[in-house]
Structure formats: C-alpha cells, structure tokens
Amino acid sequence: MNNGIVVPYATFLPMEKELGNELRAVFERVLSRSRYIRGEECEAFEQHFAEYCESTYCAGVGNGLDALTLILAAMDLTSGDEVIIPSHTFIATAIAVCRAGLRPVFAEPDIDLYTIEPDRIEAAVTRKTKAIIPVHLYGQACDMDPILVYTAVTEPSARVFRATSPVTESHFAAT
Ligand SMILES: Cc1ncc(COP(=O)(O)O)c(C=O)c1O
C-alpha cells in the first residue's frame, strides 16, 4: 500500500556538500605522497583523535571489526569469558567477541531506543562476565547512566567494571 510517504534511502550527499572539497584535498595529498598505510596523515589523525577523546593514545586500524577485536585482545581475558552485547547490533560486535576466543552473551534492546536495555544487562551477568559492549546505534546513544552506575557497583559478585571513554560507536566497560 502506498500512502504517499516516501522514506529516502540513506545518502551521503549532504556530507559531500559539506566536506567534499576538504576530503578531496586530503585524498590528493595522500595520493601524491604515495603512502597508503599509516604515514603522516594517519599519525595526525591519531594525535587529534586522542586529544579529542582526552586520551593518551589512539591507534588507527583498518575497520571497526578489527578495532573491537584488538580492544578485547588487549584486555587479556581467558578463553570462555563472557562479554555482554546487544542482541540488536551489527554482526561485527559478536564476531569480535568470538574472534578473541570469548563468549558473546546477548541482551535485548530497549523497545524505543533500539539500544541495549540496562536492566537486561543485569539479568545477563554471570560469574564469567568480564566485559560489556553497549553499542550506540542509528545515531542514538545508549542510556549510559544506568549502565555506568551498574558497572561501577556490580553486585553480588562485587566485580568492578571500569568504563572507558566513548570509542566511536561504543563505550567499553570491563573488569
Ligand atoms: C555497530 C557496528 N559495529 C561494528 C561494525 C563494523 O565496522 P566495519 O564494517 O568497519 O568492520 C559496524 C559496521 O557497520 C557496526 O554497525
């Protein structure tokens, strides 16, 4: 049934109008230097993004899946440890957990926000829970306050989760 409402497919045209010339200039610069992996542009980005996040370090990687996998690998967890993730997310969230030898435990989303429901996180925690990846989705941030409070005082295991700064699409909380 056509009720006259047309939902346009996602388009990058507004971004092209706003940033096109700037991006083309950077692209030309990278091309002329012929340095496609790391290099000055990457280092400049890492420095700026670290400053923006008020972090000491930033490491540029090839894609989001690698970023998530590397973060989990750096946490030095044990095979079979559990990571709580939203059931409604891109598949990369679960793949990263599995790639790191860990076990994804799914928590259902909030019906209005589509992001992970804080109460469902609590229900999913077990003695093996070592991290939570609440994914910000569709330009909407997760309801972080209860998640951060919860991760700071997890009971009854008295496990303390430490929340990091926002990392592009996700906050990360870990033991
Ligand atoms: C929520 C979420 N996590 C991770 C990824 C993976 O990012 P990439 O495609 O850069 O590996 C995506 C990609 O769409 C995503 O939507």
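The values are calculated or read from the model by the stated rules, or taken from the named source; none is laboratory data. Note that the coordinates shown come from a computational prediction; the quantities given were computed from them, not determined experimentally. Quick reminder, even Gly has a Cβ in these numbers, built from the backbone with ideal geometry, and neighbours come from all protein chains shown.
Scan region 28-49 for residues that are farther than 15 Å from Asn63 by Cα, assigned to a helix (DSSP H, G or I) and of a type in the set (D, E, K, R) and jot them down.
So the first thing to find is which residues in region 28-49 are farther than 15 Å from Asn63 by Cα, and the list is 28-35, 39-41, 43-44, 47-49.
Still in the running and assigned to a helix (DSSP H, G or I): 28-33, 39-41, 43-44, 47-49.
Scanning region 28-49 gives Glu28, Arg29, Arg33, Glu40, Glu41, Glu43.
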Within region 38-57, how many residues turn out to be under 16 Å from the mean Cα position of the chain (by Cα) and within 16 Å of the ligand (Cβ to nearest atom)? 1
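Could you tell me whether Ile121 is closer than 30 Å to Phe45 by Cα, β-branched (Val, Ile, Thr) and buried (at least 20 other Cβ atoms within 10 Å of the Cβ)?
Numbers: closer than 30 Å to Phe45 by Cα: no; β-branched (Val, Ile, Thr): yes; buried (at least 20 other Cβ atoms within 10 Å of the Cβ): yes.
Criteria not met by Ile121.
Looking at region 68-80 only, could you name the residues that are surrounded by 13 or more Cβ atoms within 10 Å (Cβ to Cβ) and either more than 16 Å from the ligand (Cβ to nearest atom) or not assigned by TED's automatic domain parsing to the domain that holds Thr126 (or both)? Before the answer, list the steps.
Narrowing region 68-80 to residues surrounded by 13 or more Cβ atoms within 10 Å (Cβ to Cβ): 68-73, 75, 77.
Residues satisfying the conditions are Met75, Leu77.
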Identify, by number, the condition in (1) surrounded by 12 or more Cβ atoms within 10 Å (Cβ to Cβ); (2) assigned by TED's automatic domain parsing to the domain that holds Thr126; (3) among the β-branched types (Val, Ile, Thr) that Val30 doesn't meet. (2)
Going by the conditions given, is Leu113 part of a loop (DSSP other than H, G, I, E, B), in contact (Cβ under 8 Å) with a residue 24 or more places away in the chain and assigned by TED's automatic domain parsing to the domain that holds Leu137? yes
Any residue in region 50-72 that is assigned to a helix (DSSP H, G or I) and over 26 Å from Ala92 (Cα atoms)? yes
Would you check which residues across region 120-156 are at pLDDT below 90 and charged (D, E, K, R) and list them? Glu122, Arg127, Lys128, Lys130, Asp143, Asp145, Glu155
Give region 81-113 a look and list any residue that's loosely packed, with under 15 Cβ neighbours inside 10 Å, hydrophobic (A, V, I, L, M, F, W, C) and away from the ligand (no atom under 16 Å from the Cβ), or say none. Ile111
